[in-house]
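The values are calculated or read from the model by the stated rules, or taken from the named source; none is laboratory data. Predicted, not measured: the structure shown is a model, and the values here were computed from it. Positions of Cβ are generated from backbone atoms using ideal geometry, with glycine treated the same way; all protein chains shown enter the neighbour counts.
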Amino acid sequence: MVTNDWKVIFIYILNMKITKNQLRKIISEALALDIKVGDIILTGRFKNKRTVVKKIGTDDMGQPTINGMKALSFRIEKLMPKSKWSKKTLKDEG
């Protein structure tokens, strides 16, 4: 069941009794990140430290990780407007 429609997933959960493992499978199928090794992401407290993706994996709880840190604590530079890109990326591209 791969879908981005959370209403369908919520109704599915309400209508059926499912286990935690089944719920994790549903959620993991619904999570899709447009990130590859070599992409630039912005990390840090203020999301302003430029980091190159070296490794994509999962932690012991099954959550996605990038370079060993939790995956949803960064910004993907290629999806941001060019005015927000780091100076180094603009220099490399230009």
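Taking the stretch 68-84 as the range and being over 12 Å from the mean Cα position of the chain (by Cα) and within 25 Å of LYS25 (Cα to Cα) as the test, only GLY68 passes. If only residues of the stretch 64-81 that are under 13 Å from GLY44 (Cβ atoms) and at pLDDT below 80 are counted, the one that is surrounded by the fewest Cβ atoms within 10 Å (Cβ to Cβ) is SER73.
Quick one: is ASN21 modelled with pLDDT of 75 or more, outside the structural domain of SER73 (by TED's automatic domain parsing) and either out of contact with any helix residue (DSSP H, G or I) (no Cβ under 6 Å at 6 or more places or on another chain) or farther than 17 Å from PRO64 by Cα (or both)? In short, yes.
Looking only at residues in the stretch 48-62 that are surrounded by 14 or more Cβ atoms within 10 Å (Cβ to Cβ) and either within 14 Å of the chain's Cα centre (by Cα) or of a type in the set (Phe, Trp, Tyr) (or both), the one that is farthest from ASN21 (Cα to Cα) is VAL53.
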